[in-house]
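Each reported figure results from applying straightforward, stated rules to the coordinates on display, with no laboratory input. As the structure is a computational prediction, the values presented were derived from the model and not from experiment. Positions of Cβ are backbone-derived with ideal geometry, glycine not excepted, and every protein chain shown enters the neighbour counts.
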Amino acid sequence: MPSQLSGGEQQRVCIARALINNPEIILADEPTGNLDEANEIMVIEILKKLHKEGSTIIVVTHDPEVGDVAQRKIILDYGKIIDDKILTK
């Protein structure tokens, strides 16, 4: 049952459920929220792998470290774009 799963397990189940139909675009709203460091790294690695395989990943986060993983970062302030930059890796 979902209530018997840890937060990390629940996040991974949500990712698996979202990927069943092999979507071209994945919308991830705070995908690492409330996760411990190990599970946060695991979720980020899953999203990076999916991107390398051709999926477009759109992540909404308040965590600057998660945002720094992106190739493009758009920063909003009260619904207005205040920064839009391509990050080099």
statement: Each label sits 7 Å from Cα toward the beta-carbon; between residue 4 and residue 16 the label points are separated, in nm, by 1.4
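What is the dipole size for the chain, taken about its Cα centre, with +1 at each Lys and Arg Cβ and -1 at each Asp and Glu Cβ, in debye to the nearest 20?
380
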- request: On a 0 to 90° scale, report how tilted helix 7-19 is relative to the longest principal axis of the chain, with both axes built from alpha carbons and the result rounded to the nearest 10.
  value: 80
- line: So, relative contact order of the chain in percent, Cα under 8 Å, 6 or more apart, is 23
- request: Give me the angle, in degrees from 0 to 90, between the Cα long axis of helix 37-52 and the longest principal axis of the Cα atoms of the chain, rounded to the nearest 10.
  value: 70
query: Do the alpha carbons of any pairs in 49/73; 48/73; 48/80 sit beyond 20 Å of each other, and which pairs?
result: 48/80
task: Enumerate the amide H contacts of residue 57 below 5 Å, restricted to partners 5 or more residues apart or on another chain; note that Pro and chain-start residues carry no placed amide H.
output: 26
